[in-house]
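Trainee: One structure, as structure tokens, below. Some questions next.
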């Protein structure tokens with residue numbers, strides 16, 4: 001999740017956030033990936049149920065269920081190395097050809113902020129062959145609330161404004 005989160009930082013998550021609400025686009029969440037129920041991952045919610053997420057030309061486009069034209073996401077949280085470099089699977093491939101993900105009801109599409117080195121919805125699969133690009137809502141365990149350590153990095157995480 002570089003630059004949003006760094007190795008060896010301690011995070012505090014809000015486990016109650018999704019007992020009364022649902023994950024929102026831009027939230028940094030902790031979840032169990034569909035291909036490995038033993039681990040927890042931290043990624044950013046990009047696609048909500050009913051959305052069409054499009055990766056093309058190194059950028060992310062989104063068409064919500066009630067819209068007809070996709071809009072390019074403004075992802076100000078990405079650093080220079082990752083901005084404009086969201087590729088198809090594998091994330092470091094450099095493949096900018098168009099791929100479309102239709103997010104089903106009860107699922108979310110997630111991407112890491114380190115787009116060229118992230119294990120996220122683009123790379124989730126069962127047995128390495130059957131793509132499983134979506135995370136079930138019940139597998140999302142909480143929202144990253146703030147960075148607690150090191151002391152020099154303490155701050156709350158806020159979801160970005162995409163203008164939707």
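Trainee: Can you tell me which of 119, 73, 19 moves the most in a GNM of the chain? Springs connect C-alpha atoms under 10 Å apart.
Mentor: 19
Trainee: Shifting gears a bit: Mind giving me the nanometre distance, one decimal, between the label points for residue 146 and residue 159, set 7 Å out from Cα along Cα→Cβ?
Mentor: 1.9 nm
Trainee: Is the C-alpha gyration tensor of the chain telling us rounded, prolate or oblate? Criteria: a/c under 1.5 is rounded; beyond that, a/b larger than b/c is prolate, otherwise oblate. Display every interim value, and only then the final one.
Mentor: Working: a/c = 1.34, a/b = 1.26, b/c = 1.07.
Since a/c stays below 1.5, the shape of the chain is classed as rounded.
Trainee: Select from 74, 96, 152 the residue whose mean-square fluctuation is largest in a Gaussian network model of the chain (Cα-Cα springs shorter than 10 Å).
Mentor: The residue with the greatest mean-square fluctuation here is 152.
Trainee: Once a ≥ b ≥ c are taken as the square roots of the eigenvalues of the Cα gyration tensor of region 1-87, is the result rounded (a/c under 1.5), prolate (a/b larger than b/c) or oblate (a/b not larger than b/c)?
Mentor: Working: a/c = 1.91, a/b = 1.25, b/c = 1.53.
Judged from the Cα gyration tensor, region 1-87 comes out oblate (a/c at least 1.5, b/c at or above a/b).
Trainee: If you average the sequence gap of Cα pairs under 8 Å that are 6 or more apart and divide by the length of the chain, what percent do you get for the contact order?
Mentor: 31 percent.
Values in this text are rule-based calculations from the coordinates and carry no lab data. Values in this document were obtained by computation on a predicted structure and should not be read as measured data. Neighbour counts run over all protein chains shown; Cβ positions are idealised from the backbone, glycine included.
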